[in-house]
Structure formats: structure tokens, C-alpha cells
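J.: Here it is, the structure, as C-alpha cells.
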Amino acid sequence: MDIQQLKLMAGRVRGLLEQSKHTIGHNQSLDLIAALPGLRNWPEVQAFPDRVTACELDATSAGRLGFRLKRKFDLNLTPQAILGHLSPSASTNTALAPQIWPTGPQPGIYVTDSQEAIDALLANYEDATDGALIYAERAGNHWEGSIDLGEGGLWSSGLWRVPSGTLLVVGPLLFDQQSWNSTRDRLEMACLIAQGAGHRVAVLIDTPTPEAMFEDVRLIVRSAQPEGEDYEAALLGSVSAEGALQLRQPFATSRPVLAQVPNVATPDAIPASVRNQLANALAGKTSGLLLFGSSEIEEHSAIELVAASLAMTEHAGPAARIMPRHRPTPAKDWLVPQAIQQLPFLPSIESAERVNDFAARFVMNLLCRSSRSFSG
């Protein structure tokens, strides 16, 4: 790099700041671009031309400029975004070549539902990198060589200054209805970090359907990405039981078919005076809302009516329960009728809608039918 190139890039930084409603002068833009070769201002650029000559436009130098933009203008830009503005033709793969463990697995997202697999990965990474630091949430913050991401988690601004190729451990992420949106936000940020900073991100998943873990991860990421973005490209593979980051192609396939559980419910809990009318209303119906209520104030109000609905909607297909949240004790989940208790769990209504490739039939937070949408 030479001084003339720095001047050209100073103009691009000035235009970038104008897009963000920050107007600066020519001299200010020169002082800013001095961050690329690690200098404080433009007079130092002129005084140390050898530093400029040795400087390369890569993720490291872009990270220095990003830090200065954050400090002076509270502007958060990834090294990848800065590289795109300063040199639109720059190769993303070259810019994000791993500085840590350059011969290791490709940077991206790797998922598992096993804490033991995460622990094995931590040990392998430590050996392969001679003790390089790990940045981790609860799934990995117990490791001696890890730095706890703390309350900021993946939104910690310092992560963009970490050398590319570093291992980040995220999770456990809960797959249930209550946590669905927060899990989506964290997976979205994990994809951005993997793509923008070139890190390896291992994600621990806590799900009631481990057989559909990859399909649910893809579903969440697809729901998070804006039009024109491709967060899904960051989803690369799994963490093996031996702690290896393994590519998985394709990352996800079609969701497993929901198994048919033998029905043990009877319609007896539904008052005889309305049972025939309800049966006539449901005849041939495979979509709609089936709502139940009770004047009795008790735990699981109207749950017996919900269980009875299984017997009256059996023609709509297999049934499953929607997991409302992860409880510290499952006792309350057990205090439901046997007809519901025996049903398999699905993590959310969103995932239930993908079962068997057509809309799911569900009872909110309790029950799902896989043919069409019934709820109550």
C-alpha cells in the first residue's frame, strides 16, 4: 500500500460517514484512514512511509479502522463491511482467511446437542492452537482457556477485534415456543459474526427433537435473514462426539415425518348435549380453530376437553405437543391426561408448520396435528 492509495480510501471513508449522517472534512478523513497502518494521524503517515508500505488491506487493518469509527462516531461496522467499502473488489475469502488455526476447519456455524462434544472440541482446539483463547457463553465458559462473553454475549463489540478463525462457543440455545425469538436473534448474530469476522462458532442446542435439529436451525436462520442476505451460507456442519468440526452437506434436509401415536382418548369429557353438534361441525374439516374453555378455576383448566378433542379430530393426522418452555422440573408437564402425555413434543408452532411438508394441526402450547391447523 502507498500514500496515494490511502488518500483514495480516505475519500471513501468520508463518503461512508456521510451515508451515516456524519459530515467530516478532508483532513479528518486523512486522520481516520491512518488507522489502517496503525498510525494515529496523517502527519504520522507522512513521517513513517515504511509503515504504510508494509500495510495490507485485510481484516486486521480494517478492524483497526472499525475500532476508530466506533470510538469517534459510535458507528458499528464489521471488517467485512469496511473492506467492501474501501475495496469493493477485495476477495472476501482472502480478507477472512483464518489467522488462528489457518489449516483448521472452515469458519462458520457448527451445531450439536451434546455438551460432551463441546468439551471435546475445546480440548482439540486448545491442542491445535497451542492455547489460543476461546470466547464462550455458558456452554464453554467453564474451560480454563475461555473468556466469558458475559451479558453482552455475541453483541460484545470486542468480538470484531478478535483474530479471525477464533473459536466461539454459543449456547445452550433453547428450542421451545417461549425462547424461539431470542434463539433466532442469537443464531442470526452468530451467522453475522461467522461470515463477517471469519470465526468458527460452535452452537449447543437444547431441543426436544434432536432428530430435526439441523432442520430447525435452518428454519430459524431463514426466518431471520432479510431479503438479499444469505445467513444460511454460514451453516456448515456439526460438532462430532470426538470434538471435530465436520462439514455436513446438505446442512439440512426435509423434516422427519411425524409418527402416528395410537389414540387412547375418548370424547367423554365433552358434554353429551354438544357432542353430536361438534362432531358434525368437524366432519371432513382439516383446518380451523377449535377453542375450549371452562368456568372451573383449576390447574390445566379445560385440559380434559382438549384431550377429548384428540378423539374427535383423529381424521386430521398425527398429533404432537408444542413445547411451551424449558421447565426446571417437568412435573407440570406430567400433570396432563395420558392421551396428551404420550404425544411427542415439537419445539414451536413455527416448526410444527413444517411437519410432513404441510401445515400442522396444533393446540396452543399443548398439542399439534400434522395434517392441518386445529387449535384450542
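J.: Count charges around Gly243 for me, please; just the other residues with Cβ under 13 Å from its Cβ, Lys/Arg as +1, Asp/Glu as -1.
T.: -4
J.: Please report Rg over Rh for the range 3-92, where both radii come from the alpha carbon positions and Rh follows the Kirkwood definition.
T.: Reported Rg/Rh (Cα atoms, Kirkwood Rh): 0.92.
J.: Residue by residue through the range 234-239, which ³J(HN,Hα) values in whole Hz follow from phi under the Karplus form 6.51 cos²θ - 1.76 cosθ + 1.60 (θ = phi - 60°), with glycine and proline marked x?
T.: After applying 6.51 cos²θ - 1.76 cosθ + 1.60, I find 7, 7, 10, x, 10, 9 Hz.
J.: Please report the net charge: other residues with Cβ closer than 12 Å to the Cβ of Ser156, K and R +1, D and E -1. Could the numbers behind the result be given before it?
T.: On the way: positive: Arg161; negative: Glu137, Asp148, Glu151.
Net local charge, Ser156 excluded: -2.
J.: Can I ask one more? Roughly how many whole Å is it from the C-alpha centroid of the range 111-152 to that of the range 178-219?
T.: Each part reduced to its Cα centre gives a spacing of 16 Å.
J.: Sequence gap at least 6, Cα distance under 8 Å: using those rules, report the relative contact order of the range 108-247 to the nearest whole percent.
T.: Computed over the range 108-247, the figure is 38 percent.
J.: Between Glu151 and Glu242, with labels modelled 7 Å along Cα→Cβ, what's the label distance in nm to one decimal, could you check?
T.: In this crude spin-label approximation the distance works out to 4.3 nm.
J.: Glu56 versus Glu314, label points 7 Å from Cα toward the beta carbon: distance in nm?
T.: 6.9
J.: What net charge is computed for the residues neighbouring Asp50, neighbours being all others with C-beta under 13 Å from the C-beta of Asp50, Lys and Arg scored +1, Asp and Glu -1?
T.: In short, -1.
J.: Tell me, what HN-Hα J-couplings in whole Hz come from the Karplus equation 6.51 cos²θ - 1.76 cosθ + 1.60 at θ = phi - 60° for each residue of the range 10-16, using x for Gly and Pro?
T.: After applying 6.51 cos²θ - 1.76 cosθ + 1.60, I find 4, x, 5, 5, 4, x, 4 Hz.
J.: Let me ask something additional. Which far-off residues, 5 or more places away or on another chain, put their amide H under 5 Å from the one on Ile205, with H placed in the peptide plane?
T.: The answer is Thr112, Asp113, Ser114, Leu173.
J.: For the range 23-35, take each phi angle, set θ = phi - 60°, evaluate the Karplus expression 6.51 cos²θ - 1.76 cosθ + 1.60, and give the result in whole Hz per residue in order, putting x for glycine and proline.
T.: Calculated HN-Hα couplings, in order: 9, 10, x, 4, 5, 5, 5, 5, 5, 5, 5, 4, 5 Hz.
J.: Sequence-distant or interchain residues sharing an amide H contact under 5 Å with Asn41, placed H: which?
T.: Under 5 Å from the amide H of Asn41: no residue qualifies.
J.: Using amide H atoms built 1.01 Å from N in the peptide plane, name the residues 5+ places from Gln225, or on other chains, whose amide H lies under 5 Å from its own.
T.: Hits under the 5 Å cutoff: none.
J.: Oh, and also: Compute the projected area of the convex hull of the Cα atoms of the range 126-215, averaged over all viewing directions, and report it in nm² to one decimal place.
T.: Over every viewing direction, the Cα hull of the range 126-215 projects on average to 6.4 nm².
J.: Quick check: residue separation of Lys21 and Gln341 times 0.36 nm, minus the Cα distance between them. What number comes out in nm?
T.: Extra length available between Lys21 and Gln341 comes to 109.5 nm.
J.: How do Asp2, Asp119, Asp216, Asp176 rank when sorted from fewest to most other Cβ atoms within 10 Å of their own Cβ?
T.: So the ranking, lowest neighbour count to highest, is Asp2, Asp119, Asp176, Asp216.
J.: Using the Cα atoms as the points, what is the convex hull volume per residue of the range 163-202 in Å³?
T.: Numbers: hull volume 1.9 nm³, N = 40.
Roughly 49 Å³ of hull volume per residue.
Read-outs throughout are calculated quantities, based only on the coordinates presented, and are distinct from any laboratory measurement. Here the structure is a predicted model, which means the values were calculated and not measured. Virtual Cβ from ideal backbone geometry, glycine too; neighbours counted across all protein chains shown.
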